[in-house]
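Presented below is the structure to which this report refers.
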Amino acid sequence: MKKLVILTGAGMSAESGISTFRDSDGLWEKYRVEEVATPEGFAANPELVLDFYNQRRRELLKTAPNAGHTGLAELEKYFEVFIITQNIDNLHERAGSKHIIHLHGELMKSRSTAYPYTVYDLDPEAPDIRLGDKDEKGYQLRPHVVWFGESVPMIEPAIELARQADIFVVIGTSLNVYPAAGLLHYVPKGTPIYLIDPKDVDAHRSDVHFIKAGASEGVKQLAALLLKQEGTNTNGTV
Ligand code: APR
């Protein structure tokens, strides 16, 4: 089976009702990044930061995967699918995708402020992290999210996947934030690259096939295109 590697961003979850960051009504229009998504912001006002993520976690619990997420899970019948997501939501998991790398962390997890590898699942019935919630050693818990200025521990395995891709797809990201945006540079010349986005995105490469659509419609078009190329139609016969 061919390796289908997919980089997703906030646009992947837009049709599930989750705000993107840099669209006109995006999150960074409403909040100052420095205050809610940096270690300095957390040190200065931990309750503001904990509340910012508590609110996004409660919203997440009210959403569901969209047809774009489920369409990608479907493709696992025909390809070895690896998803590299910048999103901290769990919609790819809930849609049934099996191989997912979260570059920027996971909203439904918390971790120790002292031991970054001490990570806990959050209970959907009690999704908040509050000041005073501690790990076993008595250190405050924080969102298991990569803030601006922090390292991206999962970038190495993601680069490996980009290098090995037989087909590379980018869905719903403005390619503004590195190192995630830089993954495209590791995709070998000659590997087919598709980009799904309703707007124009500068991929800094001339060999990209653009599908100008939202995630649900775009994934449908991509699946039809890829399966046609593989000589498989969608009911699985060759
Ligand atoms: N379907 C597909 N793409 C969409 C849709 C949709 N329905 N709606 C919007 N988009 C596209 C936008 O056109 C834009 O290109 O999704 C992209 C969203 O871009 P950003 O808001 O910049 O989100 P993203 O690229 O994921 O941001 C990267 O920045 O703030 C950090 O950590 C945060 O992971 C995030 C990172």
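The values are calculated or read from the model by the stated rules, or taken from the named source; none is laboratory data. Just so it is clear, the model here is predicted, and its values are computed rather than measured. Counting neighbours? That spans all protein chains shown, and the Cβs are built from the backbone with ideal geometry, glycine included. Only protein heavy atoms, including side chains, enter the accessible area calculation; ligands, DNA and RNA are left aside. Shrake-Rupley method; radii C 1.70, N 1.55, O 1.52, S 1.80 Å.
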(message) List pairs: first residue in segment 127-140 and more than 11 Å from THR113 (Cα to Cα), second residue part of a loop (DSSP other than H, G, I, E, B) and open to solvent by less than 90 Å² (accessible area, probe 1.4 Å) anywhere in the structure, Cβ distance under 9 angstrom, at least six positions apart or on different chains.
(response) ASP128/LEU122; ILE129/LEU122; GLU136/THR118
(message) Among the residues in segment 22-36, are any in a helix (DSSP H, G or I), modelled with pLDDT of 95 or more and away from the ligand (no atom under 11 Å from the Cβ)?
(response) yes
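Yes or no, residue by residue, for (1) open to solvent by less than 20 Å² (accessible area, probe 1.4 Å); (2) touching a Phe, Trp or Tyr at 6+ places or on another chain (Cβ under 8 Å); (3) of a type in the set (A, V, I, L, M, F, W, C):
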{"site": "THR85", "(1), (2), (3)": "yes, no, no"}
{"site": "PRO143", "(1), (2), (3)": "yes, yes, no"}
{"site": "GLU150", "(1), (2), (3)": "no, no, no"}
{"site": "MET154", "(1), (2), (3)": "no, no, yes"}
(message) Which residue is nearest to ALA64 (Cα to Cα), if the candidates are limited to segment 192-217 and must be near the ligand (Cβ under 7 Å from one of its atoms) and open to solvent by 50 Å² or more (accessible area, probe 1.4 Å)?
(response) PRO198
(message) Can you find, within segment 168-183, the residue that is farthest from GLU156 (Cα to Cα) among those that are assigned to a strand (DSSP E or B) and within 11 Å of the ligand (Cβ to nearest atom)?
(response) ILE171
(request) List the number of the failed condition for LYS220; all other conditions in (1) open to solvent by 50 Å² or more (accessible area, probe 1.4 Å); (2) near the ligand (Cβ under 10 Å from one of its atoms); (3) under 22 Å from GLU76 (Cα atoms); (4) not β-branched (Val, Ile, Thr) hold. (result) (2)
(request) Would you check which residues across segment 60-83 are outside any loop (DSSP other than H, G, I, E, B), within 16 Å of the ligand (Cβ to nearest atom) and open to solvent by 50 Å² or more (accessible area, probe 1.4 Å) and list them? (result) ALA67, THR70
(request) Scan VAL49, VAL36 and give me the residue that is in contact (Cβ under 8 Å) with a residue 12 or more places away in the chain and farther than 18 Å from GLY132 by Cα. (result) VAL36
(request) Go through segment 105-133 and give me each residue that's of a type outside the set (A, V, I, L, M, F, W, C), surrounded by 13 or more Cβ atoms within 10 Å (Cβ to Cβ) and not in a loop (DSSP other than H, G, I, E, B). (result) GLY105, GLU106, LYS109, SER110, ARG111, SER112, TYR120
(request) Filter segment 41-50 for residues that are more than 15 Å from the ligand (Cβ to nearest atom) and either within 21 Å of the chain's Cα centre (by Cα) or surrounded by fewer than 12 Cβ atoms within 10 Å (Cβ to Cβ) (or both) and give the result. (result) ALA43, GLU47, LEU50
(message) If the requirement is being at pLDDT 95 or above and open to solvent by 80 Å² or more (accessible area, probe 1.4 Å), which of these qualifies: GLN164, GLN229?
(response) GLN164
(request) Evaluate the following for ILE100: is it surrounded by 15 or more Cβ atoms within 10 Å (Cβ to Cβ) and in contact (Cβ under 8 Å) with a residue 60 or more places away in the chain? (result) no
